[in-house]
Amino acid sequence: MSDSGIATTQAGGGAGSGSEPRKKPDQKKAAASKRTAPMRLAPVTVKGKRIVPERLQNDKEARKSLDETPGGVGLVTQQHIEERRPSDLADVLDFVPGVIAGTRAGAEEQSQISIRGSGLENTYQLWGLNLMQDGFTQNQADGFAYLQPVDPDFVQRIEVYKGANALQFGADSLGGAINLVSKTGYNTPLVETDSIGGSFGYVKNYVGSGRVIGPWDYYVGLSDSELGGYREHSGAVQRRAFLSLGYLAANGMTIRFDANYLHNDEKLPQALTLKQLESNPQLAEPKAVTTNAWRRYDFLRTGVTITQPLGEYGVLELYNQFIWHDLDHTPIYAFLQGSSYDWNSELRYVSTAPLFGHQNKVSAGIQYGGTLVHDLEYALLPGGHMGAPLRNQWDHALTIGTYAEDDFSLTPKLTLVAGGRMDYSRRSIVGQSSPYLADSTGGTDFFSGISPKLGFIYQVTSQTQAFGNISRAYQPPILLEESSPVNTKAGLGNMDAEKAWQFELGTRGALNERVKWDVSVFDYEIWDELQNVNFVPYPHAGYTIPAYDNIGRTRHTGVELGNDVLIASNVARALGLGSQGDAVRARVAYTFSYFRFVDNPTYHSNQIPGITPENYLHGEVVYNHNSGFWFGPYVDSAMNHWAVNSANTAYAPSYVLVGVRAGYDYKPLHCKFFFDARNLTNATWVSAVVPDAGNGAYFEPGDGRAFYGGMRFSL
């Protein structure tokens with residue numbers, strides 16, 4: 001394919017030729033002619049950027065692609081994952097500013113994640129942001145997502161797109177997107193194994209294999225995790241599998257089949273009151289023990305991606321996915337059963353062909369998704385046994401969305417970004433009539449209209465950018481919020497979608513490889529944010545029932561700061577301790593979150609409750625030696641207490657956690673060792689919360705002092 005957008009300037013001039021005799025040149029005319037003759041300019045050629053498939057990009061290429069986003073983003077590399085205990089997303093997202101992540105009952109238990117205040121009403125699993133795998137959504141059609149099928153050992157890196165910066169993936173949530181880039185046969189060794197063990201009966205084993213065979217490639221990963229648990233009546237068993245099989249045709253078309261499976265079995269110690277937390281954070285809520293609270297489910301996802309190159313700079317992607325999930329769950333107040341079936345498709349077009357002689361990138365797509373849930377509820381008898389039927393209904397969600405985004409390089413330094421999205425969503429519930437069962441409740445529709453986005457990136461220097469964006473967000477309630485046992489507005493369709501205008505400015509860059517930074521300042525003006533109003537069904541029940549309502553006006557304002565500083569290099573050589581190079585680096589991830597009600601008649605300008613402290617810090621100092629040894633202390637801190645109820649009468653206590661990590665990479669045998677000592681002071685702290693819990697049990701304690709070690713080997 002020939003290059004398009006070629007701009008060529010040519011000019012010529014000078015005396016004609018013929019039979020006339022040569023005349024003595026006029027010196028003044030010659031000088032004037034020299035001054036006015038047009039310059040000959042070399043042809044200027046603008047070429048498009050070739051599209052490298054996301055799963056084949058290395059970390060440097062992925063970082064460069066992320067830097068083309070006019071807003072806050074984050075990258076978690078495979079090296080970062082391997083240097084941690086990669087049991088869940090909370091373990092590996094620690095140094096992405098703006099992301100607050102915790103676990104509800106220790107390693108391998110479900111994470112509670114919020115980006116810029118998304119899903120603050122969330123009490124389990126994930127909503128308010130999109131969980132993506134290789135650029136395609138893993139959420140159900142209503143926006144709900146399961147986190148536990150995710151195993152960081154199965155991914156080569158994690159990309160975080162905050163807020164509207166996820167539009168290029170069609171993401172339509174307030175928090176943005178977390179994109180897991182899966183391993184393939186192109187970037188996985190023939191054999192890799194990982195074994196980790198440690199405190200509270202934690203053991204995890206992983207084995208993976210990848211290879212390219214002619215036009216085919218495969219990756220397969222298996223992992224098994226077991227946890228005894230820091231708290232009473234906690235612990236979990238998770239067995240996961242992931243398969244990716246790819247085919248590259250002669251014309252450049254690729255076909256890839258992915259599948260992952262999870263079997264999950266976990267005990268639920270439930271949240272504690274402040275008095276219980278302070279007296280003994282290892283206790284379970286007594287009702288959780290007498291009712292034998294647990295969650296068991298099986299999860300299977302299959303997906304097919306077809307990628308067809310269009311010329312030199314274009315590509316068309318078609319994605320189809322199906323998910324099956326089967327659940328048994330006893331959350332103290334009921335015995336829940338059900339199966340869910342999810343399917344979604346996306347057609348996406350991407351082109352990097354130049355436009356009017358300028359660099360340009362266009363992304364556009366259309367999405368369709370459906371979810372069908374068989375929702376069964378029974379009375380819960382002592383010991384976790386099933387009682388009389390209470391509910392038997394089918395919950396259905398449908399979503400259709402279309403989006404487009406264009407990145408246009410107006411000048412070599414200035415790139416303008418414009419895009420938009422439209423969504424139609426439907427929620428419906430059909431029940432079966434019986435003296436014990438719920439009646440049909442009908443359906444409700446949501447239409448977003450156009451949600452626009454405008455942004456810019458200005459290349460201040462070769463290593464420094466300034467960026468900004470303005471966008472609108474639209475997020476309907478999920479099925480759980482619409483169909484909670486007692487909805488405060490008493491009926492499906494009486495809840496409104498969250499709507500917001502988002503504003504962001506920031507800068508990222510480096511100074512001679514010694515200092516790197518990433519800073520964002522954002523403000524979200526939100527209407528109808530969803531609020532968790534868990535209530536106690538009867539006096540002294542000992543548990544709450546989930547219910548939700550809309551808040552009129554709220555505001556999320558924040559600052560995100562990531563910083564990486566080279567403190568010193570060649571330290572050992574300077575001290576006469578060796579000739580091999582070494583370095584000491586410091587890293588900081590700081591998040592300031594000012595989330596408030598706005599002119600609320602009940603809560604005035606109170607802090608919105610949730611998982612997010614106003615000042616949240618991760619910091620570490622790491623010594624790296626070229627021999628493969630590394631060592632570093634670190635600190636995690638919620639620097640002040642934060643509200644866990646809307647009335648702001650209950651607060652989670654501030655905390656400081658101190659730990660140390662070390663490792664050794666023995667390169668001749670491709671063998672890595674790591675050690676992690678956590679919470680060395682054995683501080684009592686809060687890892688996750690249940691906002692506005694009617695019984696005052698807001699707090700999910702984090703683990704006490706713990707030690708972990710492991711080894712990774714590859715061939």
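Below are the figures for this structure:
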| item | result |
| --- | --- |
| Global size of region 181-235 as Cα Rg and Dmax, reported in angstrom | 15.7, 52 |
| Cα-centre dipole for the chain with unit charges at Cβ (Lys and Arg positive, Asp and Glu negative), debye to 20 | 3260 |
| Signed unit charges on C-beta, dipole axis of the chain, positive-most listed residue 448, 561, 653 | 561 |
| Residue among 184, 384, 356 farthest towards the positive dipole end of the chain, charges placed on Cβ | 356 |
| Value of Rg/Rh across region 334-480 [Cα atoms, Kirkwood radius] | 1.22 |
| Debye-sum result for region 259-382 in log10 I(q)/I(0), which assumes one identical scatterer on each alpha carbon, at q = 0.09, 0.11, 0.14, 0.18 Å⁻¹ | -0.51, -0.64, -0.78, -0.99 |
| Overall form of region 134-174 per C-alpha gyration tensor (a/c, 1.5; a/b vs b/c) | oblate |
| J(HN,Hα) series, region 503-517, from Karplus relation 6.51 cos²θ - 1.76 cosθ + 1.60, nearest Hz, glycine and proline x | 10, 8, 9, x, 8, 9, x, 8, 10, 6, 6, 8, 10, 10, 8 |
| Crossing angle, helix 27-36 versus the chain [Cα axis fit, 0-90 degrees, rounded to tens] | 20 |
| Hull volume in cubic angstrom per residue (convex hull over the Cα atoms of region 263-320) | 165 |
| Region 228-283: radius of gyration over Cα atoms, expressed as a fraction of 2.2 N^0.38 Å | 2.13 |
| Computed over region 47-120, the ratio Rg/Rh where both radii use C-alpha atoms and Rh is Kirkwood | 1.05 |
| Kirkwood Rh, Cα atoms: Rg over Rh of region 583-712 | 1.13 |
| Computed [θ] at 222 nm, deg cm²/dmol, the chain (DSSP H ≥ 4; -39,500 (n - 2.57); rounded to nearest 500) | -1500 deg cm²/dmol |
| Dimensions in Å of region 498-577 - Rg and Dmax from alpha carbons | 23.9, 72 |
| Relative contact order (%) - region 599-715, alpha-carbon pairs under 8 angstrom, separation at least six | 22 |
| Translational diffusion of region 322-407, µm² s⁻¹ [Kirkwood Rh, Cα pairs; Stokes-Einstein; 20 °C; 1.002 mPa s] | 131 |
| Alpha-carbon Debye profile of region 312-357, log10 I(q)/I(0) at 0.16, 0.21 Å⁻¹ | -0.65, -0.81 |
| With eigenvalues of the C-alpha gyration tensor scaled by 5 and rooted, region 222-315, Å | 47, 15, 10 |
| Size of charge dipole - region 551-710 - debye, nearest 20, with Cβ of Lys, Arg +1 and Asp, Glu -1, no other charges | 300 |
| Cα centroid of region 255-325 to Cα centroid of region 348-396, whole Å | 13 |
| Enclosed volume per residue, in Å³, of the convex hull spanned by Cα atoms of region 442-540 | 154 |
| Pairs of alpha carbons in the chain whose separation is greater than 49 Å (percent) | 18 |
| Region 155-200: proportion of alpha-carbon pairs further apart than 12 angstrom, % | 71 |
| Separation between Cα centres of region 614-691 and region 176-196, rounded to whole Å | 24 |
| Rg/Rg_ref, region 108-267, where Rg_ref = 2.2 N^0.38 Å and atoms are Cα | 1.14 |
| Normalised per residue, the volume of the convex hull around the Cα set of region 139-217 (Å³) | 143 |
| Region 600-661: proportion of alpha-carbon pairs further apart than 13 angstrom, % | 69 |
| Accessible area of the chain belonging to carbon and sulfur atoms, whole % at 1.4 Å probe | 60 |
| Accessible solvent surface per residue of the chain, calculated while the other protein chains remain in place, 1.4 angstrom probe, Å² | 42 |
| Spherically averaged projected area in nm², based on the convex hull that wraps the Cα atoms of region 513-668 | 14.0 |
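The values are calculated or read from the model by the stated rules, or taken from the named source; none is laboratory data. Everything quoted here is computed from the prediction, not taken from an experiment. Methodologically, a virtual Cβ is constructed for each residue, glycine included, from the backbone with ideal geometry; neighbour enumeration extends over all protein chains shown. Remember, those area values only see protein heavy atoms, side chains included, never the ligands or the DNA or RNA. Shrake-Rupley method; radii C 1.70, N 1.55, O 1.52, S 1.80 Å.
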